[in-house]
Amino acid sequence: MRFKYIYLLISPLFFFVSCKEENHKTSFEKELSINSSLQKHSEEFKKEVIKVKENIYVAIGFGLANSIMIVGDNGIIIVDVMESGETAKEVLEEFRKITNKPIKAIIYTHNHADHVFGSTGMVGDGQVDIYAHELTPYYLDRVVSVTRPITELRGFRMFGVYLDDEALVNCGIGPKLNINPTSQLGAIRPNKTFKDSLAVTIEGIDIELYHAPGETNDQLFVWLPNEKVLLPGDNIYKTFPNLYTIRGTIYRDPKQWTQSLDKMRAYEIEYLVPSHTRPIFGKDLIHNTLTTYRDGIQYVYDQTIRYMNKGLTSSEIVEKVHLPESLRNEAFLQEFYGKVSWSVTNIFHGNLGFFDGNPSTLQPLSPTIKAEKMISMAGGFDKLLEQASSAFSSKEYQWTLELTDYLLRIEPSDEQSIDLRYNSLIKLGENESNPNARHYYLTIAKEVKGFKIKSIVDPDLRTIHTIPLEAMFDNLSVNLIPDKCENIRLNVNFSFTDTGEKWSVQLRNSIAEAQSYHIENPDITVSVKSTIWKELLAKKRGGLTTYLSGDIEVTPGIGDFKEFMSYFEE
Ligand SMILES: [Zn+2]
């Protein structure tokens with residue numbers, strides 16, 4: 001009785017504490033074991049600022065990526081700015097122990113969140129030149145708007161953002177992705193972009209930027225000819241490259257990746273400072289490392305294509321392609337981020353699309369029909385459950401997981417099946433040396449038991465305001481719910497009073513065609529500042545309060561517009 005009373009007193013307090021910053025994380029009932037090679041890999045991410053040369057420093061271990069400072073005459077240049085304002089400020093504080101010179105320029109090696117979202121954290125409201133490849137803004141818009149929900153969900157599973165510190169060992173390319181519900185996320189748009197190459201002198205430092213598609217299409221590398229320093233971005237880090245990322249991405253072309261590494265190999269590099277993992281010093285070591293890395297990529301690419309041309313399916317090629325003896329033990333090709341098997345599958349489907357060539361996969365049975373047939377073949381639900389249970393006892397965790405696909409397809413709330421799925425995912429995660437796979441298994445394990453992932457990416461206003469209207473309207477179109485607007489034809493004209501831009505949306509045939517011009521005789525007209533429209537779509541402000549304050553004008557009436565907006569996902 002007394003214990004209960006004490007618990008009642010304490011529990012609201014506990015609730016309050018656990019609701020603070022870290023409340024998005026989930027913990028496990030028992031301590032998880034960790035693959036020993038993954039554990040050892042954490043040594044790569046000792047938190048420190050390394051002096052590369054008198055005027056070049058790299059901060060490692062503060063977040064997922066590194067941030068690099070180049071010190072010029074009267075100012076500094078920052079290459080990559082971390083994943084959040086908080087992490088960026090922590091790094092900047094360390095850099096401030098070295099110099100107080102102002103930030104004169106930022107260089108993004110590519111568009112990924114861990115390299116760009118700390119920019120407002122670094123410079124606040126200040127204006128600064130931001131260099132990037134000309135494709136970077138396009139990919140930034142795409143990630144921030146069109147595919148954000150799924151990229152965020154899968155990305156956060158893969159990086160273990162929702163896992164507690166015991167479950168998350170490291171992320172393969174950095175200790176962890178420092179993003180939580182209170183993070184300041186600000187990616188200032190690049191204002192100095194280029195196509196093939198760009199040579200500039202900033203604060204007395206000669207800087208050459210080269211387009212180097214690889215991990216991303218907008219990747220660049222930075223060459224400092226006087227210092228003999230090369231910053232390769234994410235085209236090399238100390239793990240097998242992420243030729244495919246399990247969070248999902250457009251095709252990464254290994255051919256281009258090797259060509260970009262070859263471009264780097266042509267220089268007499270004395271210091272190689274990647275945007276993940278530690279720098280490498282010494283001309284020969286750097287040349288050999290770059291060579292090994294590009295050879296690993298070329299091997300996987302060439303052999304996948306070779307077997308593909310012989311008519312093998314992607315899963316058959318996965319069984320065939322492994323790194324050769326001479327590359328298998330190379331430190332930079334261990335699978336702590338990318339994996340050969342995932343790369344093979346991606347190269348196959350990147351070249352041939354979804355169909356693997358086997359006629360039985362051309363128009364397969366639906367998952368439900370297949371599950372029904374598997375259960376019937378096993379002799380009923382309980383029999384298949386028994387099979388799954390004995391597979392688990394025999395430590396066949398992948399097979400257990402696959403069997404629970406069938407069981408839960410038919411009985412989604414069957415507790416024994418849920419337990420088997422949960423336990424097999426935990427085992428797969430615990431045994432896994434690849435952190436992306438470990439985190440994905442462990443996060444889904446918690447989701448199987450009811451843990452709900454909430455969206456925690458909330459870009460700041462400065463970022464939202466710079467997203468072009470085109471990306472905003474692209475986003476609107478892919479959020480149309482056909483069931484709600486079947487047979488409805490409706491035309492809406494938008495006038496943006498601050499920029500003078502005109503847009504229209506025509507609803508017909510269960511699609512929303514967005515165009516950057518007005519159409520005749522619209523059913524609804526909307527007049528609003530572009531910044532306010534973007535804030536509305538980003539849920540930074542409410543529709544009703546905006547209307548009542550007169551910040552949006554709608555004819556014939558707000559009711560019609562509300563109806564129109566109800567045809568789209570929130
Ligand atoms: Zn990165």
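The values are calculated or read from the model by the stated rules, or taken from the named source; none is laboratory data. Because the structure is a prediction, the values reported are computed rather than measured. In this analysis, Cβ positions are derived from the backbone assuming ideal geometry, glycine residues included, and neighbour counts consider all displayed protein chains. Note: accessible area is taken over every heavy atom of the protein model, side chains too, but ligands, DNA and RNA are not part of it. Shrake-Rupley method; radii C 1.70, N 1.55, O 1.52, S 1.80 Å.
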Task: Share, in percent, of DSSP beta bridges within the chain that are antiparallel, nearest 5 - done: 70 percent
TODO: Please sort 295-301, 338-344 by packing, taking for each peptide the average over its residues of neighbouring beta carbons within 10 angstrom, highest first.
DONE: 338-344, 295-301
Task: Efficiency of FRET between Glu208 and Asp458 - r from beta-carbon atoms, R0 30 angstrom, step 0.05 - done: 0.25
Task: Pair Gln515, Phe451: separation of 7 Å Cα→Cβ label points (nm) - done: 4.9 nm
Open item on the list: Within the chain, what whole-number % of the accessible surface is contributed by carbon and sulfur, with the 1.4 Å probe and all protein chains included in the calculation?
Closed with: 50 percent
- [ ] Give the accessible surface of the chain per residue, rounded to a whole number of Å², with probe radius 1.4 Å and ligands, DNA and RNA excluded.
- [x] 47 Å²
Open item on the list: How far apart, in nanometres, would the label points at Asp474 and Lys383 be if each is projected 7 angstrom from Cα along the Cα-to-Cβ direction?
Closed with: 5.2 nm
TODO: Measure out, as a whole number of angstrom, how far apart the alpha-carbon centroids of region 198-212 and region 155-188 sit.
DONE: 32 Å
TODO: Over the residues of the chain, compute the C-alpha Rg and express it relative to 2.2 N^0.38 Å.
DONE: 1.06
TODO: Describe numerically, in nm with one decimal, the distance between label points set 7 Å from Cα along Cα→Cβ at Glu319 and at Asp262.
DONE: 3.4 nm
Task: Inter-part distance where region 498-519 and region 400-422 are each reduced to a Cα centre, Å - done: 46 Å
Task: Alpha-carbon radius of gyration plus Dmax, which is the widest Cα pair, for region 213-310 in Å - done: 13.8, 49
Open item on the list: Defining a contact as two alpha carbons under 8 Å apart and six or more residues distant in sequence, what relative contact order in percent does the chain show?
Closed with: 13 percent
Task: Three semi-axes of the equivalent ellipsoid, region 190-265, Cα gyration tensor, whole Å, largest first - done: 25, 14, 10
